[in-house]
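The values are calculated or read from the model by the stated rules, or taken from the named source; none is laboratory data. All values derive from a computational prediction rather than experimental measurement. Heads up, the Cβs are rebuilt from the backbone with ideal geometry, glycines too, and the neighbour counts pull from every protein chain shown. Please note that ligands, DNA and RNA were not included when accessible areas were found on the heavy atoms of the full protein model with its side chains. Shrake-Rupley method; radii C 1.70, N 1.55, O 1.52, S 1.80 Å.
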Amino acid sequence: MRWWDIDPVLELEKDLFPEDAWSRGMFWSELAHSRGAEATRRYVVAADGDRLVGYAGLAASGDLGDVQTIAVARDQWGTGLGARLLTELLRAATAFECAEVMLECRVDNVRAQKLYERFGFEPIGFRRGYYQPGNIDALVMRLHMASDSGSAVGSTSVQGNETNG
């Protein structure tokens, strides 16, 4: 993801997460930490032709990775794009030398939970009222990087910025 992707990312963000969408400033802040030798973030976008149809981001701190966001356009649901985006984030977690990857998922987002379980994530707890303003609980999931993180194929391209020099 680059700065010029922020406007189409925000459009998709507002469509998919109308109540708790990230702001422009949040994306700018994340991208500020995704370049150079000291990078701690990896953000990727997926395009279908000229149209942005998905994006995802990972933050790393020490040996812990945290999936910050994964979003797929509604007309791309069921195509495997979410799996391809998650695969890219797990590759980044490996590059960052993360031993574990964590994430939060809305308790009512069963489709996403099934994706994460396919990749070996296991539920470890809840965060009450995590998603605001809807006061929706989050399911916390963890993946030990030694486990099989799966593979995905498809025709939609996934692009991102390099995190190592």
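To keep it simple, each residue is scored yes or no on (1) at negative phi; (2) open to solvent by 20 Å² or more (accessible area, probe 1.4 Å); (3) assigned to a strand (DSSP E or B); (4) modelled with pLDDT of 95 or more.
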position	(1), (2), (3), (4)
Trp4	yes, yes, no, no
Pro8	yes, yes, no, yes
Glu11	yes, yes, no, yes
Pro18	yes, yes, no, no
Ala21	yes, yes, no, no
Glu38	yes, yes, no, no
Arg42	yes, yes, yes, yes
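So that you can scan it fast, the table gives a plain yes or no per residue for (1) in contact (Cβ under 8 Å) with a residue 60 or more places away in the chain; (2) under 26 Å from Pro8 (Cα atoms):
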site	(1), (2)
Asp63	no, no
Thr79	yes, yes
Leu85	yes, yes
Arg111	no, yes
Leu115	no, yes
Gly120	no, no
Ile124	no, no
Tyr130	no, yes
Met141	no, no
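Those strands (runs of 3 or more DSSP E) of the range 82-145 in which 3 or more residues are of a type outside the set (Ser, Thr, Tyr) and surrounded by 15 or more Cβ atoms within 10 Å (Cβ to Cβ) occupy 100-106, 136-144. A count restricted to the range 60-69 and to residues that are in a strand (DSSP E or B) and surrounded by fewer than 23 Cβ atoms within 10 Å (Cβ to Cβ) stands at 6. All of (1) within 24 Å of Val110 (Cα to Cα); (2) of a type in the set (Asp, Glu); (3) assigned to a loop (DSSP other than H, G, I, E, B) hold for Asp75 with one exception: (3). Checking each residue in the range 87-111 for being of a type in the set (Gly, Ala, Ser) and closer than 14 Å to Gln68 by Cβ picks out Ala92, Ala93.
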